[in-house]
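Some notes on the structure that comes next.
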Amino acid sequence: MVIRAGLSVAALAMLSAGGSASTVHEIRFVQSAQVLVWQDDVWVGQGSSIDLTGPGIADAVPFPGSGQLDSVSFDDSTATSRTRLKIASNSAFTIQTTPSNAAPDVEVRILDVGPNARASGQTSDGAAGIVFRQAEKTAQRRGAPETQAIELELSWTGAAPSDLRIMASQ
């Protein structure tokens, strides 16, 4: 009986020695490039491409009696309009429009940088359709998305840009 138990243990030891695995699995989680956008403190959206055209950007045109001290002009082609954007991103991004002679010149100014953000933006070649380029992600430290955002002011003369959008870099 003792010999049979010893043989069983020896057989199990031989079988289990060959059953050990040496395969190592490496798992890597990747998040796609994303931008989060607020326009005039109103949530616009999140994604790799955010379209800013439509009623939001067009409504940014100042109107007489709105409390703003702007010169009143009856010719819409000389009125200066502004809108504020807060953008948080986990990648570089651009603000762009289709280049054409009919597209208005858009100027961009950095107003604020959140406590967990970094701005490395620069205005770019308007002829190529690039209005603003952020060279790196805005999120530099952990925190709420609003604290990882930069605030920009976009201004233009005349009609609102017809196809303004924010594109995350991959």
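The values are calculated or read from the model by the stated rules, or taken from the named source; none is laboratory data. Values in this document were obtained by computation on a predicted structure and should not be read as measured data. Backbone-built Cβ (ideal geometry, glycine too); neighbour counts: all protein chains shown.
List of remarks:
- Taking residues in the range 30-44 that are on the phi > 0 side of the Ramachandran plot and in contact (Cβ under 8 Å) with a residue 40 or more places away in the chain, and partners anywhere that are among the basic types (K, R) and part of a strand (DSSP E or B), the pairs with Cβ atoms closer than 8 Å and at least 6 places apart or on different chains are D40/R84; D41/R84; D41/K86.
The rows are residues; the columns are (1) closer than 26 Å to A92 by Cα; (2) touching an Asp or Glu at 6+ places or on another chain (Cβ under 7 Å); (3) modelled with pLDDT of 65 or more.
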{"residue": "S20", "(1), (2), (3)": "no, no, no"}
{"residue": "V24", "(1), (2), (3)": "no, no, yes"}
{"residue": "I27", "(1), (2), (3)": "yes, no, yes"}
{"residue": "Q34", "(1), (2), (3)": "yes, no, yes"}
{"residue": "V37", "(1), (2), (3)": "yes, no, yes"}
{"residue": "D41", "(1), (2), (3)": "yes, no, yes"}
{"residue": "S48", "(1), (2), (3)": "yes, no, yes"}
{"residue": "G56", "(1), (2), (3)": "yes, no, no"}
{"residue": "P62", "(1), (2), (3)": "no, yes, no"}
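- Lone qualifier among A119, A102, A79, A135 - being farther than 16 Å from Q34 by Cβ, exposed (fewer than 14 other Cβ atoms within 10 Å of the Cβ) and modelled with pLDDT of 55 or more: A135
- In the range 143-164, of all residues being over 16 Å from V113 (Cβ atoms) and part of a loop (DSSP other than H, G, I, E, B), the one that is nearest to the chain's Cα centre (by Cα) corresponds to L164.
- Residues of the range 148-170 that turn out to be of a type in the set (S, T, N, Q) and surrounded by 17 or more Cβ atoms within 10 Å (Cβ to Cβ), as a count: 1
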